[in-house]
Amino acid sequence: MVQHGPPETKRENTSYMRHGDVVADPYLWLEDDGEDVAAFVERQNEYADDYLESVDVREDLRPRFEELARTTDYGSITPAPTGYFQEVERPEDDQPVLYFRESLEDDREVLVDPNEFSEDATKSMGWWTVSADGERLAYGVDEGGDELYDVTVLEVPSGDVLEELPGLGRANPGMFAWTPDGFYYGRTGLEGEAQLEKEIRYHEHGDDPDADPLVAEVDEPSTWPMLSTDRDGEHLLVAFVTGWERSDLSYAAVGDTDLTPVITDAEHLYTPLIYDDTAYVRTDLDAPYYRFLELDLSGDVGEVDPAELPEAIPEREGIVQGATVADDRLLVQYERAAVSELEVFDLDGDHVRSIDLPGTGTVTGLQGNRDAPEAFFGYQSFDHLPAVFRYDLDSDASDELDRPDVALEFDLTVEQVRYESADGTEVPMFIVHREDLDRDGDNPTLLYGYGGFENSLTPGFQTFGREFLRSGGVFAQANLRGGGEFGKEWHEAARHGNKQHTFDDMIAAAEYLIDEDYTSSDRLAIQGGSNGGLTVGAVLTQRPDLLGAVCCHVPLLDMLRFHTFLLGSSWTSEYGSPDDPEAYEYIKEYSPYHNVDPDTEYPPVFFKTAEDDTRVHPVHAWKMAARMQAVADGGPFLCKTNRDTGHGTGKPTWMIVEEQLDVWSFLFDQLNVEYDAP
């Protein structure tokens, strides 16, 4: 237990003007670099560790968490003409290893082993992509989870390095498109808001990367280029995606660096999947759940009216989440009320069949084989360990290839309920607990939410949360407005001036869990990260009476200044800009940092952030923790800044274990959970 109060943090008489308002901000100094900020972080970490490491259950959980973390995890399989690529993380690994084999009957051979990148495994392979012929592979390496990548291109299967392109910033597979002689790629700046300065270049193997010709520059902060080429290396399509809501589309013959506009001044999304001379274009034009249009690339490609393009696959009840080509068929991944479905179509867009899945869960990593009637995907659910499947299109049969060797050990009940939010809207929520749980109104419960950027929360196996469930805990996952669970309209319902709907939905979820006798307010915790950190921060300040504890991770909390940090200016498309007088008025009403009330008692809060987070600046958590420690009743209010890690990617296994011990020690302690060890 914490034996003393929080560390002293200096408060300065600082403020700024915004639209005629004087905004008092005594912790503006935390936005600066320097020794004072470093000392603040050190004191806060000592205070947090003093509490977290003294919780008795922590060392009881440790051996179990080590055991759960040190199992073999399998990534989905990517087929190519040369063979099969797959990431596997063995018990002795701190980072997953990329393997290659010519056939599924062959033993896997190591192609890239990130465990050799650094002694403490904090360098990671954040992504990789295989060329159409399967003879080349590119992968991005970042350090400390900063998501700023150096790219290596190697030969398959020898692993010989062909070339290295350092300092490509936030380059990723969506900004990388192979050609027969090289590749198109996106790159960004490396520091602060320079990460939002994007450009596309063309590289031919053997050329000096510094001399790669420029294809396009993208200065709009919320616009990101997505690059696609066809297998034969004839066509390049670039979707300039703005604010997760619309995209212009441009074309070039492969090898050219001059882009031809195809769809301009777009008010909808257009993202292509190229097959030979046809682009299947996913769009929400007249289809909030998305459909596919057909764009002919065989002749001269010029500007088109998307409303006049032929429809390839019409809108269905489920939301289109992805698609791939397998042999001569299209496999489309849909999502209906946050549950995955897989459908098969022929190349004319006619529906062939539905693919049976193991249950109510989530499909990941869907990859089709262009040279054989097969496709691969990952699947998991709350009661189904992450597994890898091969689907045979000729026999319509799915075989499980890989699954961690972990016993479930106890039976779970998984239900999807619907509850009513403040304005009468019905919101779905998954509730998971032991089959023998007694709904007596006093079970420790963790409610998780996100609600933004059209991201859906789908069923996922709770690797570490299993010990909470074993010990009589309830896990609830609410599909809040702002997410993508019901398409564009669900997202639009909680953007800009409607953002309060996200928080209302989360509050109503908490009330439902209490009213339906799953739990009580003293034994209910909420958790969220990034945009979800904003969600739980707003619920914390608006309805602290509902909560027994809060886990607020890598959060946005100072919403009057979020657009001045790192990638923040690109998110004004989601929240609105505080520089706009109208947006300022509704943002200040919910900005958690500005709504801490000195006369209100708040539940304990665990703010967790990261030193190398290049997306959401850790200053959000720092300022909020400092303000609550200074003026708020209740608590404790802990703030831990993890070292050598970022927003969440690339963490080595040893670090994941320590972070999970922090989170679950806090929750077990604050919710008074008696650990039922296996």
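Here are a few things to note about the model shown:
- Any hit, the range 488-501, residues being acidic (Asp, Glu), surrounded by 24 or more Cβ atoms within 10 Å (Cβ to Cβ), closer than 30 Å to residue 282 by Cα and assigned by TED's automatic domain parsing to the domain that holds residue 637: no
- Some residue of the range 74-95 being touching a Pro at 6+ places or on another chain (Cβ under 6 Å), among the aromatic types (Phe, Trp, Tyr) and buried (at least 18 other Cβ atoms within 10 Å of the Cβ): no
- Taken over the range 574-595, the criterion of being part of a helix (DSSP H, G or I) and under 23 Å from residue 632 (Cβ atoms) is satisfied by 587, 588, 589, 590, 592, 593, 594, 595.
- Among the residues of the range 568-622, those identified as of a type in the set (Val, Ile, Thr) and farther than 20 Å from residue 494 by Cβ are 596, 600, 605, 609, 614, 619.
- Sub-6 Å Cβ pairs linking a first residue in the range 305-320 that is farther than 14 Å from residue 339 by Cβ to a second residue that is acidic (Asp, Glu), at least 6 apart or interchain, are 310/294; 312/294, ordered by first then second residue.
- A search for C-beta distances below 6 Å between a residue of the range 532-543 that is in the same structural domain as residue 482 (by TED's automatic domain parsing) and any residue that is of a type outside the set (A, V, I, L, M) and in a helix (DSSP H, G or I), counting only pairs 6+ apart in sequence or on different chains, returns 535/502; 537/592; 538/503; 538/590; 538/592; 539/503; 541/592; 541/595.
- Scanning the range 596-616 for any residue that is in contact with a Gly (Cβ under 7 Å, 6 or more places away or on another chain), surrounded by fewer than 19 Cβ atoms within 10 Å (Cβ to Cβ) and over 13 Å from residue 6 (Cβ atoms) turns up at least one such residue.
- Every pair of residues 6+ apart whose Cβ atoms lie under 8 Å, when the first sits in the range 58-86 and is under 30 Å from residue 672 (Cβ atoms) while the second is among the small types (Gly, Ala, Ser) and at pLDDT below 95: 60/677; 64/677
- Pairs are defined by a Cβ separation below 9 Å, a sequence spacing of at least 6 or placement on different chains, a first member in the range 408-423 that is under 17 Å from residue 474 (Cα atoms), and a second member that is among the aromatic types (Phe, Trp, Tyr) and part of a strand (DSSP E or B); the pairs so defined are 414/430; 415/430; 416/430; 417/430.
- Residue within the range 328-335 that is within 24 Å of the chain's Cα centre (by Cα), of a type in the set (D, E, K, R) and in a strand (DSSP E or B) present: yes
- Residues satisfying the criterion are present in the range 612-630 (criterion: part of a loop (DSSP other than H, G, I, E, B), touching a strand residue (DSSP E or B) at 6+ places or on another chain (Cβ under 6 Å) and not charged (D, E, K, R)).
- Of the strands (runs of 3 or more DSSP E) that lie entirely inside the range 364-449, those containing 3 or more residues that are at pLDDT 95 or above, over 21 Å from the mean Cα position of the chain (by Cα) and in the same structural domain as residue 664 (by TED's automatic domain parsing) span 412-420, 426-434.
- Just one of the numbered conditions (1) at positive phi; (2) out of contact with any helix residue (DSSP H, G or I) (no Cβ under 6 Å at 6 or more places or on another chain) is not true of residue 281: (1).
- Any hit, the range 256-263, residues being of a type outside the set (D, E, K, R), in contact with a helix residue (DSSP H, G or I) (Cβ under 7 Å, 6 or more places away or on another chain), at pLDDT 95 or above and within 18 Å of residue 349 (Cα to Cα): no
- Residue within the range 50-73 that is in contact with a strand residue (DSSP E or B) (Cβ under 7 Å, 6 or more places away or on another chain), surrounded by 18 or more Cβ atoms within 10 Å (Cβ to Cβ) and closer than 30 Å to residue 368 by Cα present: yes
The values are calculated or read from the model by the stated rules, or taken from the named source; none is laboratory data. Quick caveat: nothing in here was measured; it's all calculated off a predicted structure. When we count neighbours, we look across all protein chains shown, and the Cβ atoms used for this are built from the backbone with ideal geometry, even at glycine.
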